[in-house]
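*Asks:* Here you go, one structure.
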Amino acid sequence: MSFLQLLWFILIGVLFAGFFFLDGFDYGVGMATVTLSNDEAERDQMVRTIGPVWDGNEVWLITAGGAMFASFPYWYASLFSGYYIILMLVLVGLIIRGVSFEFRAKSPMPRKRIWDWALGIGSFMAPFFLGVMFISMIQGMPIDANGNFHATFFDYINWFSVVGGVALTLLTYLHGLNYIALKTAGDIRQRANNVAQFLYWVLYVGLVVFALMLIFMTDFMKVHPVATITMLVVMVILTIIAQVAAIKGKELTAFIASGLTLVALVVLLFVGLFPRVLISSISPRYDLLIQNASSTQYTLTVMTIATCCLLPFVLAYTIWAYWIFRKRIAMPVVTEAK
């Protein structure tokens with residue numbers, strides 16, 4: 001395994017971590033529009049918190065897929081063909097979520113509620129099916145020597161993958177609640193904080209179930225025991241920090257901690273996979289490894305140079321955008337015509 005192969009494996013992990021940290025709260029806010037709000041004014045207030053940034057946050061997922069295509073084409077080919085239906089469901093969720101922003105803004109009140117539900121459902125579908133995909137992937141899939149999947153329905157949908165999908169959805173929902181508490185003023189701010197405080201107790205149970213399944217249904221404890229235990233402990237510590245911060249009203253700390261919990265989950269999965277990118281349940285001989293799934297050294301070199309040139313501008317623009325839209329969103333003031 002060369003340095004550039006390892007570097008690009010890490011960079012793809014960083015891109016997925018950045019995606020879940022940034023777009024994760026978008027999904028949480030989207031789900032909260034149909035579960036937390038009392039009226040259309042509060043839904044408008046919540047949507048305005050992510051309006052300027054959600055499409056930029058989504059680019060992290062596209063970039064991760066593009067980087068995988070260019071740096072690990074064999075990983076990309078096997079993953080995207082083997083998870084075609086799952087990824088189509090993710091795409092459907094992203095589409096209905098994306099169009100809901102435009103249509104709810106231009107629809108009359110009776111139809112506006114339809115697009116509120118489209119936003120909520122799309123925001124649920126994306127993290128849930130991404131969780132199903134990642135967890136079934138680390139369990140191992142029936143992959144042959146050519147990288148082809150021979151999977152059945154229950155290889156994709158099983159107890160562990162469903163728990164993973166629910167856990168990722170809950171993590172993004174809590175991340176969104178912390179973002180709402182950080183970015184809004186008025187009743188919705190306190191309500192989001194209260195619901196988050198309660199749901200952290202649910203999350204603790206989910207983390208215990210997830211950890212036990214991870215230990216007994218994957219080979220992570222066999223190949224990377226120290227790193228696996230360490231990252232599970234880190235996730236629990238970050239969850240405690242987020243809950244305590246929410247109780248004390250330290251909204252920025254709660255938001256950062258919930259986002260870092262998602263980052264820790266991505267690190268856990270990528271460290272457990274290493275040095276593999278796909279695990280075959282048929283035979284370890286058919287595992288797809290970093291060293292035989294990557295592009296040529298020349299391709300990786302060109303990509304590295306291009307990334308070093310472009311990445312500072314992308315990061316600078318992202319930081320600038322969040323700085324410009326840093327203020328809290330207040331409830332719209334409605335005045336009656338005389």
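The values are calculated or read from the model by the stated rules, or taken from the named source; none is laboratory data. In this text, all values refer to a predicted model and were calculated from it rather than measured experimentally. So basically every Cβ, Gly included, is an ideal-geometry build from the backbone, and we count neighbours across all protein chains shown. Remember, those area values only see protein heavy atoms, side chains included, never the ligands or the DNA or RNA. Shrake-Rupley method; radii C 1.70, N 1.55, O 1.52, S 1.80 Å.
*Asks:* Work out how much length L310 to Q291 would gain on full extension: take 0.36 nm times their residue separation and subtract the Cα-Cα distance, in nm to one decimal.
*Replies:* 4.2 nm
*Asks:* Order the following by accessible area, largest value first: Y83, Y317. Probe radius 1.4 Å; ligands, DNA and RNA are ignored.
*Replies:* The residues order as Y317, Y83, largest area first.
*Asks:* Further question: Taking K and R as +1 and D and E as -1, what net charge do the other residues with C-beta under 15 Å from the C-beta of G140 add up to?
*Replies:* -1
*Asks:* Over the chain, with every protein chain in place, what whole percent of the accessible area is carbon and sulfur at 1.4 Å, could you tell me?
*Replies:* Roughly 73 percent, rounded to a whole number.
*Asks:* Would you rank S107, S281 by solvent-accessible area, highest first, keeping every protein chain in place and using a 1.4 Å probe?
*Replies:* Details: S107 25, S281 70 Å².
Output order, biggest surface exposure first: S281, S107.
*Asks:* Rounded to the nearest whole Å², what accessible area per residue is found for segment 104-145 with the 1.4 Å probe?
*Replies:* It amounts to 39 Å² per residue over segment 104-145.
*Asks:* Using only Cα atoms, locate the centre of segment 120-191 and the centre of segment 197-234, then give the distance between them in Å, rounded to an integer.
*Replies:* Computed from Cα coordinates, the inter-centre distance equals 15 Å.
*Asks:* Under the classification rounded if a/c is under 1.5, otherwise prolate if a/b is larger than b/c and oblate if not, where does segment 168-307 fall, given a ≥ b ≥ c as square roots of the Cα gyration tensor eigenvalues?
*Replies:* Cα axes put segment 168-307 in the oblate bin.
*Asks:* Run lengths n ≥ 4 of DSSP H only: what is the helix-derived mean residue ellipticity at 222 nm for the chain, with -39500 (n - 2.57) per run over all residues, to the nearest 500?
*Replies:* -27000 deg cm²/dmol
*Asks:* Further question: Within a Cβ distance under 11 Å of G56, other residues only, what is the Lys/Arg minus Asp/Glu net charge?
*Replies:* -4
*Asks:* Show me the helices of the chain, taken as full DSSP H stretches, that run 27 Å or more along their long axis by Cα and average -1.0 or above in Kyte-Doolittle hydropathy.
*Replies:* 3-35, 84-106, 109-139, 159-183, 187-217, 225-248, 251-273, 297-324
*Asks:* Tell me, how many Å apart are the Cα centres for segment 296-313 and for segment 1-21?
*Replies:* After rounding, the separation between the Cα centres reads 13 Å.
*Asks:* Hey, another quick one. Just read off the accessible area of D116 with the full protein assembly in place, 1.4 Å probe, to the nearest 10 Å².
*Replies:* 0 Å²
*Asks:* Further question on the same structure: Figure the gain on full extension for L91 and A330 (residue separation times 0.36 nm, minus the Cα-Cα span) and round it to one decimal in nm. Display every interim value, and only then the final one.
*Replies:* On the way: separation 239, 0.36 × 239 = 86.04 nm, distance 3.20 nm.
Result for the pair: 82.8 nm of gain on full extension.
*Asks:* Let me check I've understood the local charge: for R328, count other residues with C-beta under 12 angstrom from its C-beta, Lys and Arg +1, Asp and Glu -1. What total comes out?
*Replies:* +4
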